[in-house]
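Only one structure is covered here, and it is reproduced in the block below.
Taken together, the values in this text are just the output of simple stated rules run on the coordinates, not laboratory data. Quick caveat, the model's predicted, so the values are computed rather than measured. Because the Cβ atoms are built from the backbone with ideal geometry, glycine has one as well, and the counts that use them run over all protein chains shown.
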Amino acid sequence: MSRWQPDARGRLERAALELYIERGFDQTTVAEIAERAGLTERTFFRHFADKREVLFGGAVILRDLFVTAVEQAPDGAAPIEAVAAALQASTPLFEERWDNVLRRQRVVVANPELQERELVKLATLASATADALRRRGVPDPAASLTAEAGIAVFKIAFERWIEEGGERKLSEMFRESLDELRTVTAAR
């Protein structure tokens, strides 16, 4: 096996997604992933703690994108506008990797244990977003409510984007979902 070929992490991710779709997540082993990628199990474990991390390793990157965007939103921006900036900042992470995002989503949807893990990831993202809003001076419960609403917008828009086959930009889906949230919460 050629250990020194470039992009070992990417090769492992692609191999894992292929196998998860072909055989199912539970039926795929780390040894099979490493073999498909032309790498060793040891190399796999240098990049991922376990086979679930292939699917959830990007959670830290997403969290950091959200937190940074909220923190860098213009002074005086409403809390929901800071979260809107975070949503927009995250779009390249997904749009540039459409094929992997779609395959990943198929694997997660097919496995209840992975769906649970996805919910934990979203809860962690909401918590980090609320903390970033608090650092901007947004008090609770407004910080928590805004962060949770932002994650709901993320989830709904993302699911629509996947269902529509990525035909439209995710950023557009985020804007539409935010507009819908504003409509349903507007005072009458």
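Relative contact order for the chain: what percent, with Cα pairs under 8 Å and sequence separation of 6 or more? Write out the running numbers ahead of the final one.
Working: 178 pairs, mean separation 36.1, N = 188.
Averaging sequence separation for qualifying contacts and normalising by length gives 19 percent for the chain.
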Subject >> Check: segment 58-185 dipole with +1 on Lys, Arg Cβ and -1 on Asp, Glu Cβ, in debye >> reply: 220 debye
Original post:
From Cα coordinates alone, what are the radius of gyration and Dmax values for segment 93-188 in angstrom?
Top reply: 14.9, 43
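How large is Rg/Rh for segment 93-148, to two decimals, with Cα atoms and a Kirkwood Rh?
On the way: Rg = 14.7 Å, Rh = 12.9 Å.
That ratio equals 1.14.
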**OP:** List the pair-distance distribution P(r) of segment 58-119, using every Cα-Cα distance, as the percent of pairs falling in each 5 Å bin from 0 up to the bin containing the longest distance, rounded to whole percents.
**Re:** 4, 17, 20, 19, 18, 12, 7, 3, 1
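Averaged over every viewing direction, what's the projected area of the C-alpha convex hull for segment 18-85? Give it in nm², one decimal, please.
On the way: hull surface 24.7 nm².
If I average the Cα hull's projected area over directions, I get 6.2 nm².
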Original post:
How big is the chain on each of its three principal axes, counting only the C-alpha atoms and giving the largest first in Å?
Top reply: 62, 32, 27
